[in-house]
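Reading through the structure tokens given below for one structure.
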Amino acid sequence: MAPQIDPERLLSDLKTLRSFGACGNGVVRQSFCDVDMAARRWLAGRMAEAGLEARIDGVGNVIGRSPNDGRALLMGSHTDTQPRGGWLDGALGVIYALEVARALAEDRARAHLPLDIASWMDEEGSYLGCLGSASFTESMGDEEIRRAANSDGRSVADALIAVGLADQAPARLEPERHRAYLEAHIEQGPVLEAEGKLIGVVTSIVGVRTLTLTFSGQQNHAGTTPMALRRDAGDALIVLAARLREALGALAAERTVFTIGRIVFDPGADSIIPGRAEMSLQFRDGDEVLLDRMAAAVDRLMEEANRAGPVRIELAESSHLESAPMDPGLQDHLAAAAERHAPGQWMRMPSGAAHDAQIFARRVPSAMLFVPSIGGISHDFAEDTSEADIALGCQVLASAAASVLEELNRP
Ligand code: GLV
Ligand code: MN
Ligand code: MN
């Protein structure tokens, strides 16, 4: 028999986590803010109650380490949110991991198996996307992480001092112990619902490049400055944005997406020519060569615009997440568990969203499980998943975790 999850306990913990920063059905809980830290302390308490050795490490990761020895499975996701986020993005995978740890501990035949669980800091990138998993896997240096800053210019180093974590050591992946990584997540898209499936087994995770383009012109009076004499940073942004859209559209493959998610005009007033403007540009695809071509097209158009003037444009890469295939063996464990609990109602699919699992995939075999998102909505307060689908996904994950751990620890 599979370890049995407790759906009521699972939903109750998910709802308690939502109460930290709740905003209607959604949540505002960006990394390192007061409610984020309060949620982390609550989570560490729940991990300790589940019999795990709980700590908040030197970058804010919440880690629940099993007291059991052996080849461990690591499971987790994130509890930080977008500026206006859904209640399940990340939270689902963290509370699933907690519930699976409890279900294993309550299962006599499996209580000896080592399952470590975590909430990774700042997956959503308020400071630096996947900061916590990058720190844990040492795929980024401590100094680079500490220098990363949020849109107010506050650095991770300052945030760590403010929340009292500056003197804590970062926890690290232990290659002898951590032999596999599993993460569950809401799909955040429409595919499972459209296909009438209840579980997704992720085959690969998309690569994501995020750029910040800064436009420097001359702030001036919007009535007295003739058009030919303006150095209008806002106008330069609009023109370049339209050219970028055309060029990236021409390069795009079937699953390529690109988004201008943020534009700032400074100072942003009806009667002032913007002296400064900023925009983000993000593009995603599974093919890193295509992403390189898109990055080169952005460089070329920016250089052309700089040659034409009269506004100076600068570009910085604010985040770079490489695409990652998921481990075939772990996918098969998830698929077998899905077939057991939801026969014929699961499918394999790629992920168009970024996840901590793509950071882990470089260091340790990694895989992901998806549950449906109602209406395919995510990164929005309206994000939701039915309670029945939430419970089923956790039971599938519990079965898969047990079979992975049994395989890892077979004498
Ligand atoms: C993760 O939240 C992403 O933006 O893909
Ligand atoms: Mn997420
Ligand atoms: Mn997200």
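The values are calculated or read from the model by the stated rules, or taken from the named source; none is laboratory data. Computed from a prediction, not measured in an experiment: that's the story for all the values here. Heads up, the Cβs are rebuilt from the backbone with ideal geometry, glycines too, and the neighbour counts pull from every protein chain shown.
In the stretch 254-262, is there at least one residue being small (Gly, Ala, Ser), touching a strand residue (DSSP E or B) at 6+ places or on another chain (Cβ under 6 Å), exposed (fewer than 13 other Cβ atoms within 10 Å of the Cβ) and within 30 Å of residue 322 (Cβ to Cβ)?
Checking the stretch 254-262: at least one residue is small (Gly, Ala, Ser), touching a strand residue (DSSP E or B) at 6+ places or on another chain (Cβ under 6 Å), exposed (fewer than 13 other Cβ atoms within 10 Å of the Cβ) and within 30 Å of residue 322 (Cβ to Cβ).
Kindly provide the set of residues from the stretch 76-94 that are surrounded by fewer than 24 Cβ atoms within 10 Å (Cβ to Cβ) and within 9 Å of ligand 1 (Cβ to nearest atom), ordered by number.
82
Among residues belonging to the stretch 131-187 that are β-branched (Val, Ile, Thr) and away from ligand 3 (no atom under 16 Å from the Cβ), point out the one that is surrounded by the fewest Cβ atoms within 10 Å (Cβ to Cβ).
161
Going by what's in this entry, would residue 401 be described as assigned by TED's automatic domain parsing to the domain that holds residue 80, in contact (Cβ under 8 Å) with a residue 60 or more places away in the chain and either under 29 Å from residue 81 (Cα atoms) or more than 16 Å from ligand 1 (Cβ to nearest atom) (or both)?
Yes, satisfied.
Return the residue satisfying two criteria in turn: it lies in the stretch 211-229 and is in contact (Cβ under 8 Å) with a residue 60 or more places away in the chain and surrounded by fewer than 20 Cβ atoms within 10 Å (Cβ to Cβ), and of such residues it is farthest from residue 307 (Cα to Cα).
Ranking the candidates gives 212 first.
Residue by residue through the stretch 339-373, note down the ones that are within 16 Å of ligand 3 (Cβ to nearest atom) and among the β-branched types (Val, Ile, Thr).
359, 371
Are there any pairs, at least 6 apart or on different chains, whose C-beta atoms fall under 6 Å, with the first in the stretch 101-124 and on the phi > 0 side of the Ramachandran plot and the second within 16 Å of ligand 2 (Cβ to nearest atom) and assigned to a loop (DSSP other than H, G, I, E, B), and if so, which?
122/31; 122/80
Could you grab me the full set of residues in the stretch 169-195 that are over 21 Å from residue 409 (Cβ atoms), in contact with a helix residue (DSSP H, G or I) (Cβ under 6 Å, 6 or more places away or on another chain) and within 16 Å of ligand 1 (Cβ to nearest atom)?
Within the stretch 169-195, 184, 185, 186, 189, 190 qualify.
For residues in the stretch 296-342 being touching a residue at least 24 places away in the same chain (Cβ under 8 Å) and polar (S, T, N, Q), which is nearest to residue 131 (Cα to Cα)?
Only one residue fits best here, namely 319.
For residue 71, indicate whether it is in contact (Cβ under 8 Å) with a residue 24 or more places away in the chain and away from ligand 3 (no atom under 16 Å from the Cβ).
Considered against the rule, which asks whether it is in contact (Cβ under 8 Å) with a residue 24 or more places away in the chain and away from ligand 3 (no atom under 16 Å from the Cβ), residue 71 comes out as yes.
Which residues, taken from the stretch 142-171, are farther than 13 Å from residue 122 by Cβ and not in a loop (DSSP other than H, G, I, E, B)?
Hits for the stretch 142-171 are 142, 143, 144, 147, 157, 158, 161, 162.
Any idea which of (1) surrounded by 22 or more Cβ atoms within 10 Å (Cβ to Cβ); (2) more than 18 Å from the chain's Cα centre (by Cα); (3) within 20 Å of residue 11 (Cα to Cα) is the one residue 369 doesn't satisfy?
The single condition residue 369 does not satisfy is (2).
Anything in the stretch 42-87 that is closer than 21 Å to residue 178 by Cα, assigned to a strand (DSSP E or B) and among the small types (Gly, Ala, Ser)? List them, or say none.
Of all residues in the stretch 42-87, those closer than 21 Å to residue 178 by Cα come to 44, 47-48, 50-78.
When the remaining residues are screened for being assigned to a strand (DSSP E or B), the result is 53-56, 62-65, 72-77.
Result: 54, 64, 72, 76, 77.
Tell me which residues, restricted to the stretch 99-140, are under 16 Å from the mean Cα position of the chain (by Cα) and assigned to a helix (DSSP H, G or I).
Those that are under 16 Å from the mean Cα position of the chain (by Cα) and assigned to a helix (DSSP H, G or I): 131, 132, 133, 134, 135, 136.
Take the stretch 362-404 and flag every residue that is assigned to a helix (DSSP H, G or I) and either touching a Gly at 6+ places or on another chain (Cβ under 8 Å) or on the phi > 0 side of the Ramachandran plot (or both).
Matches in the stretch 362-404: 375, 376.
Which count do you get for residues in the stretch 1-41 that are small (Gly, Ala, Ser) and either assigned to a strand (DSSP E or B) or under 19 Å from the mean Cα position of the chain (by Cα) (or both)?
Within the stretch 1-41, residues that are small (Gly, Ala, Ser) and either assigned to a strand (DSSP E or B) or under 19 Å from the mean Cα position of the chain (by Cα) (or both) number 5.
Restricted to the stretch 279-300, and to residues that are crowded, with 19+ Cβ neighbours inside 10 Å and in contact with a Ser or Thr (Cβ under 6 Å, 6 or more places away or on another chain), which residue is farthest from residue 234 (Cα to Cα)?
Taking the candidates together, the pick is 286.
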